[in-house]
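Following: one structure in structure tokens, then a few remarks.
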Amino acid sequence: NIKYIMLALLCGLFTGCMDGDWDTPSGGHTRGNAQIKETNVQTIAQLKAKYASTLASAYGYTQVTDDEQIKAVVTGNDIEGNLFGQISVDDGSGAMLIAISEGGINGYLPVGTEILVSLKDLYIGNYGYQPQIGTLYESAKGQTSVGRMARMRWDRHFTYTGRVKTVTPVEFDQNKMTDADYLAANCGKLMTLKNVYFSDGGVKDYANKKDVVNNNCCERALKGLNSSNIVVRTSTYADFAADKLPVSEVNITGIFTRYNNKWQVIIRSTKDVEFVQ
């Protein structure tokens with residue numbers, strides 16, 4: 001009886017150390033660097049203009065040496081495993097990808113979260129002309145580009161502003177599919193492609209290992225649109241990879257990334273594919 005009483009007392013002691021809300025630790029956010037203060041914020045458009053010579057190369061990169069920051073809203077994360085190891089952010093002037101070597105990002109950076117990012121000592125550059133922020137990565141072929149930064153490094157470079165904003169996609173202009181300026185200005189942005197059909201609707205699924213193009217991803221064409229210009233790109237690790245492509249007319253929302261002169265639409269979750277009534 002004494003042993004049981006002591007065990008009960010110990011359990012009560014440890015339980016008393018909790019706040020009662022086990023899902024939300026006390027003290028607010030536990031990630032990021034609270035020491036970062038808003039000092040020299042650049043818009044994403046200004047950032048791209050400043051590093052225009054670097055971003056003129058498909059795999060150009062440079063290290064940021066100035067004390068400058070961006071303040072932007074998270075528009076895409078790894079909620080269903082498709083936008084893996086990166087987030088997309090937008091500040092109204094433009095969009096950018098931030099590459100992070102970590103899973104479960106959606107748990108602490110849900111869509112709509114506004115963050116302040118300190119860029120000094122990080123790298124800005126392209127991967128196939130898609131601008132992103134991260135650290136240097138060398139491929140198996142010896143090609144160096146901007147890739148995913150370690151979780152600990154990322155934690156030193158961002159903080160929360162405390163604001164959460166509504167994220168609304170903009171409509172993709174199909175008339176500007178091959179417009180180079182439109183591609184450069186909007187790559188990385190959350191957009192919606194309206195009134196389209198999948199070429200293999202009802203036949204193929206979003207992704208499978210036999211149809212992999214590269215990096216464990218598959219590309220699906222859309223009827224009436226040149227697959228050299230635009231595709232829906234899905235990882236074989238996405239939660240919805242095995243789902244069949246819709247047969248009927250749909251609106252597709254996603255992060256419109258760029259690989260050279262091709263649009264790659266990355267849907268964040270199955271909710272991004274809306275059936276047209």
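Please report, ordered by residue number, the strands (runs of 3 or more DSSP E) entirely within the range 96-192 with at least 2 residues that are at pLDDT below 95. Show your work before the answer.
Values: elements: 113-118, 123-127, 130-138, 144-147, 158-164.
Result: 130-138, 144-147.
I need the full set of residues from the range 196-230 which are in a strand (DSSP E or B) and under 23 Å from residue 261 (Cα atoms), in order please. Spell out how you get there, then give the answer.
Just the residues of the range 196-230 that are in a strand (DSSP E or B), to begin with: 196, 198, 205, 214, 217-220, 222, 230.
Matches in the range 196-230: 196, 198, 214, 217, 218, 219, 220, 222, 230.
So, in the range 40-49, exactly how many residues are out of contact with any Asp or Glu (no Cβ under 6 Å at 6 or more places or on another chain) and either of a type in the set (A, V, I, L, M, F, W, C) or modelled with pLDDT under 95 (or both)?
Total satisfying the criteria: 4.
The values are calculated or read from the model by the stated rules, or taken from the named source; none is laboratory data. Since this is a predicted model, take the numbers as computed values, not measurements. All Cβ positions, even for glycine, are placed from backbone atoms using ideal geometry, and neighbour counts span all protein chains on display.
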